[in-house]
Amino acid sequence: MKHFLTIALCAMMLFSGGISSAASLPENDGSRYSVQKSEKKDKKDRKVKKNRKGKKGEAVPAPEAKPEKKKGPEALDKFIKKDAEVKDGLVKIISQDDKFYFAVPDSLLGKEILVVSRLTRAAAGVRGMFSGYAGDQVNQTVIFFEKGPDDRIFIREMDYSEMAEPSSAMYENLKRSSLQAIIGSFAIKAQNAAKDTSVIDVTDFFNSDNARLYFGQWEKRMFGIMNMEKDKSYVSSMRTYPINTEVSVVKTYARKEGSSPATFEFNVSMVKLPEDPMTPRYYDPRVGYFTANYTSFDKNPQGVETVRMITRWRLEPKPEDREKYMA
């Protein structure tokens, strides 16, 4: 009996333990499911918060900035510094801060200016067959100043290869077909109070490897020189007078490998041409003059003709001597 009670008690304990264990399984599984669900929810909440935070923290694009109002040219009296060197003449020359400026009056706009470049000092050991000596003419052209848009001054080059009389029917057509080239463009740095004088920086125009002022490709090939060496080239001086302005420039050019560079000194003369031009003379083959040629659209309305004019000095008597000269 005693053994039976012991066995029965053990069986009851095992049975109650199994039930308890079995009953606890669903509870434990539910707890794990609840924890996993809670963790997923927390992750989702964190993700949502993160997304919300990201959207909130995103940089709001700044409103489009209004373009700054472009500053106009500076007042001339403020532009010229105390230590500036100023020279009056055909154009006023202002030299300051290692730069050269032209003050171009409106009265000079559109006026024809003859530009002639010559060698004042030639490079050692550099010669052509008949050139490469001091005094040689290097370039010649005719220019005029013009006001452009956006506070700019242009330099245009005149081309006289085709001409017609202003009174002819062909003149306007020829004018539309012969737009003069812009060879220089300059921002207006300053103006006077009346705004009839504009200051432009011409340093780079004269200090660059400008084929309209200095050597072109043909001359470079003839002398065996190549590109200009900017660090060895500079504007040495500028002088101005009532009808002309003179610019002295030193230019150094590279040569073939193994050769020393070649240094030249140029003088650029800018001379205002007379308002009343000289009467030209036609070429006569019986007299040995050099000529300047152009194509005329006036001589033959049904075609064109090459006109040859002689090159000569304008030698005229003074007004007080005219009577004696004509006697």
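Just so it is clear, none of the values below were taken in a lab; they were calculated from the coordinates. None of these values were measured; they are calculated from a predicted model. Backbone-built Cβ (ideal geometry, glycine too); neighbour counts: all protein chains shown.
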Given R₀ = 41 Å, FRET efficiency for Arg281-Asp209 by Cβ-Cβ distance, to 0.05?
0.65
Pulled fully out, how much extra length does the chain show between Arg239 and Asp106, if you take 0.36 nm times their separation in residues and subtract their Cα-Cα distance?
45.8 nm
Contact order normalised by residue count of the stretch 229-327, Cα under 8 Å, 6+ apart, percent
16 percent
Report, in debye and to the nearest 20, how large the dipole of the stretch 74-272 comes out about its Cα centre when Lys and Arg carry +1 and Asp and Glu carry -1 on their Cβ.
440 debye
Pairwise label distance in nanometres, Ser269 with Ala84, each label 7 Å out on the Cα-Cβ vector:
2.9 nm
Taking R0 as 56 Å, what's the FRET efficiency between Thr120 and Glu323 from their Cβ-Cβ distance, rounded to 0.05?
0.85
Seen from all sides and averaged, what is the projected area of the convex hull of the Cα atoms in the stretch 172-327, in nm²?
17.0 nm²
What FRET efficiency do you get for Glu165 and Glu219 if R0 is 25 Å and r is their Cβ-Cβ distance, rounded to the nearest 0.05?
0.10
According to a simple spin-label model (label point 7 Å from Cα along Cα-to-Cβ), what is the distance in nm between Thr311 and Thr291?
1.4 nm
Through the Karplus equation 6.51 cos²θ - 1.76 cosθ + 1.60, θ set to phi - 60°, convert the phi angles of the stretch 320-326 into ³J(HN,Hα) values in whole Hz; use x for Gly and Pro.
6, 9, 4, 4, 5, 5, 7
Theoretical gain in end-to-end length, Glu229 to Glu246 [0.36 nm per residue, Cα-Cα removed]
3.8 nm
Using alpha carbons only, how many angstrom separate the centre of the stretch 239-257 from the centre of the stretch 142-214?
20 Å
Over the alpha-carbon set of the stretch 74-272, work out the extent along each principal axis and list the three values in angstrom, largest first.
55, 54, 29
